[in-house]
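Participant: I have a structure I would like to understand better, so I am pasting it below and will then ask my questions one at a time.
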Amino acid sequence: LLTHYGRIDEVWFDGAKGESVEQEYYFEKWYQLIRKLQPQAVIAIMGPDVRWVGTETGYGRETEWSVVPTDNLSQSTIAANSQKNIAFTPNGDMRGDDLGSLEKIRKAKGLVWYPAEIDVSIRPSWFYHEAEDSKVKSPEKLLDIYFNSVGRNGVLLLNIPPDKRGLIHESDIAALEQWKQLRDDLFKTNFASGSKIKSANGVNTRYILDGKNATHFTTKGNATTTVIELQLKSPASFNVVQLQENIRMGQRVEAFELDYWDGTAWKITTKGTTIGYKRLIRFNTIITDKVRLRILSSRLNPCLAEIGIYNIQE
């Protein structure tokens, strides 16, 4: 498997097994073999690289921390909880919506970068069934999943089962192509591009619009809050904001709000908690030529890589 099929991007250790099965697994030896033969492969779920988000709906948490406690690492505990309808990682008892808040990590013995992977099938089942050819998820549904997985600091694994011919069925292909078109249309125009940017305590403001994830805006001194104001080139109609942290510096932002200028005063457009690699939020369409992002809480100086303002056709 690791030597006869080209590059392997991910090895998924599911952990699901019969209720009465008791068997010892050689996880560490398997990890070593994968690292040797496929060093770029992600070892997932029952592994050290990414964790299961806790459901197979395609929807992640509203607040998703990639940094979580390392306490009580145990493969046996992972296996016991695998594929249950809980939010679980192999780092102690970490169920529910809160995995990485300050309250959770304050007493931790150690911390690890352990992002969530969010899995879902394009069909009702994981394997191909002819009866489901008409039940493939619509492009609009796939876009909603994208917003609630990738757009919530997660990694999306979309299952696309081959049919009895060993090919991807035409219904699946059509949905995927239309989904791609929706995303291409959405992200074609960033209305923030070319904006005049100002921040009283900010450094390198230009980096939030340079299209590079490895550069970032940050704050002076030890400031953990900031306001970034963007004067758009012209009034724009939009209903989506995309935010990205430079995760090479970790994940820091705990709370933020986006405001727009209505001509006489600032009004709140939307708000959120974590950002991480990517945060996408939809809201009611507004028209303005001025927006501001307020970072209300951050664990250290915020390191914001990108801001994007887009419009999705209703």
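Quick note: the coordinates plus some simple rules give every number you see, no bench work behind them. All values derive from a computational prediction rather than experimental measurement. No Cβ is skipped: glycine too gets one built from the backbone with ideal geometry, and neighbour counts run over all protein chains shown.
Participant: Going by the alpha-carbon gyration tensor, a ≥ b ≥ c the square roots of its eigenvalues, is the chain rounded (a/c under 1.5) or, if a/c is not under 1.5, prolate (a/b greater than b/c) versus oblate?
Facilitator: It comes out oblate by the Cα gyration axes.
Participant: Just in the stretch 1-61: which GluC sites (Glu not before Pro) are loop by DSSP and have at most 10 other Cβ atoms within 10 Å?
Facilitator: GLU19, GLU22, GLU24
Participant: Which residue, chosen from LEU2, TYR260, HIS129, occupies the Cα position most advanced towards the positive end of the dipole of the chain, where the dipole is computed from +1 (Lys, Arg) and -1 (Asp, Glu) charges on Cβ about the Cα centre?
Facilitator: Among LEU2, TYR260, HIS129, the one farthest towards the positive end of the dipole of the chain is TYR260.
Participant: Counting only other residues whose beta carbon sits under 11 Å from that of VAL50, what net charge do I get with K and R as +1, D and E as -1?
Facilitator: -3
Participant: Answer with one residue from THR288, THR273, GLY202: the one whose Cα lies farthest towards the positive end of the charge dipole of the stretch 196-310, charges on Cβ with Lys, Arg +1 and Asp, Glu -1.
Facilitator: Value: GLY202.
Participant: Same structure again: Looking only at the chain, where both bridge partners belong to it, what percent of the DSSP beta bridges are antiparallel (to the nearest 5)?
Facilitator: Roughly 75 percent of the beta bridges in the chain run antiparallel, per DSSP.
Participant: Under the Karplus relation 6.51 cos²θ - 1.76 cosθ + 1.60, θ = phi - 60°, what is the ordered set of whole-Hz ³J(HN,Hα) values for the stretch 173-178, x standing for Gly and Pro?
Facilitator: 4, 4, 5, 5, 5, 5
Participant: Could you derive backbone 3J(HN,Hα) for the stretch 242-253 from the dihedral phi with the Karplus parameters 6.51, -1.76 and 1.60 (θ = phi - 60°), listing whole Hz in sequence and x where the residue is Gly or Pro?
Facilitator: 10, 10, 9, 8, 7, 6, 5, 9, x, 10, 10, 5
Participant: Can you sort LEU99, LEU111 by how many other beta carbons sit within 10 Å, fewest first?
Facilitator: Ordered by Cβ neighbours within 10 Å, fewest first: LEU111, LEU99.
Participant: Putting +1 on Lys and Arg Cβ atoms and -1 on Asp and Glu Cβ atoms, find which of VAL112, ILE312, MET249 reaches farthest to the positive end of the dipole of the chain.
Facilitator: About the Cα centre, the residue reaching furthest to the positive side is MET249.
Participant: Which residues make up the longest stretch of the chain that has no trypsin sites (Lys or Arg not before Pro) in a DSSP loop with at most 16 other Cβ atoms within 10 Å?
Facilitator: By the stated rule (loop sites, at most 16 other Cβ atoms within 10 Å), 221-298.
Participant: 5 Å is the cut-off here: which amide hydrogens, built 1.01 Å from N in the peptide plane, fall below it relative to GLU10, excluding neighbours closer than 5 in sequence?
Facilitator: Placed amide hydrogens put VAL42 under 5 Å from GLU10.
Participant: With springs only between Cα atoms under 10 Å apart, run a GNM on the chain and tell me which of LEU300, LEU157, LEU167 wobbles the most.
Facilitator: LEU167
Participant: Given +1 on the Cβ of Lys and Arg, -1 on the Cβ of Asp and Glu, and no further charges, what dipole in debye does the chain carry about its Cα centre, rounded to the nearest 20?
Facilitator: Charge dipole of the chain: 1300 debye, to the nearest 20.
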